[in-house]
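The values are calculated or read from the model by the stated rules, or taken from the named source; none is laboratory data. Keep in mind the model is a prediction, meaning the values are calculated, not measured. Virtual Cβ from ideal backbone geometry, glycine too; neighbours counted across all protein chains shown. Heavy atoms of the whole protein, side chains included, go into the accessibility calculation; ligands, DNA and RNA do not. Shrake-Rupley method; radii C 1.70, N 1.55, O 1.52, S 1.80 Å.
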Amino acid sequence: MAQRNPLTPVVIATAFTFLCTWEGVTYTAKHERIDPPGVITVCNGITNYDQPNLKTGDKFTKAQCQKLLSGALPKYDACIQKYVKVDLPPRRHVAMLSYTYNEGCGHFRKTAILRELNAGHVQAACDHLLDHENTTARHIVLAGLIRRRRAERVLCLRED
């Protein structure tokens, strides 16, 4: 069976650049105060959910971080492939990849974003990126997350 929305080189390159813009980078693994207890983060948002052996204090190089992010993208794309039942133009694909990478597959599959996408309601799906639940972490509204969701929404609305 052919993949509906393949993870093309254009999608990978655009997603990589987009994620690096919003995730920032840290080369030493640590717990971020906005993350749930027990979540350790390194590089461009790689967590111990992606790398189960990750421990606070682990150190990585730029090249290692790039490799980890490149290796993580197919996992999040597999979630999109599994749950999104409509074709996604490349930029909308990147928006969904960014959102899923940030929130996780378990969260993505329960969202109004996914329901509206699958119903063919693109505008509504993209607008749901700005919902309160998608712009907060641990019930704290984060200006950076609002900016990220606005940027994802712009990509989501693109038809090319």
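Can you tell me the FRET efficiency between Glu133 and Val25 if r is taken as the Cβ-Cβ distance and R0 is 35 Å, rounded to the nearest 0.05?
It comes to 0.85.
Taking a cut-off of 18 Å between Cα atoms, list the lysines near Lys110, but don't count ones fewer than 8 places away on the same chain.
Those lysines meeting the cut-off are Lys75, Lys82, Lys85.
Could you provide, to the nearest whole Å², the per residue accessible area of the range 1-151 with probe 1.4 Å?
Heavy-atom accessible area per residue stands at 53 Å².
Compute the relative contact order of the chain as a whole-number percentage, counting only Cα pairs closer than 8 Å that sit 6 or more residues apart in sequence.
That works out to 22 percent.
May I ask you to give the percent of accessible area on the chain that is carbon plus sulfur, with a probe radius of 1.4 Å?
57
Do the sum for the chain: with -39,500 (n - 2.57) for every DSSP H run of n ≥ 4, divided by all residues, what is the mean residue ellipticity at 222 nm, to the nearest 500 deg cm²/dmol?
So the calculated ellipticity at 222 nm is -16000 deg cm²/dmol.
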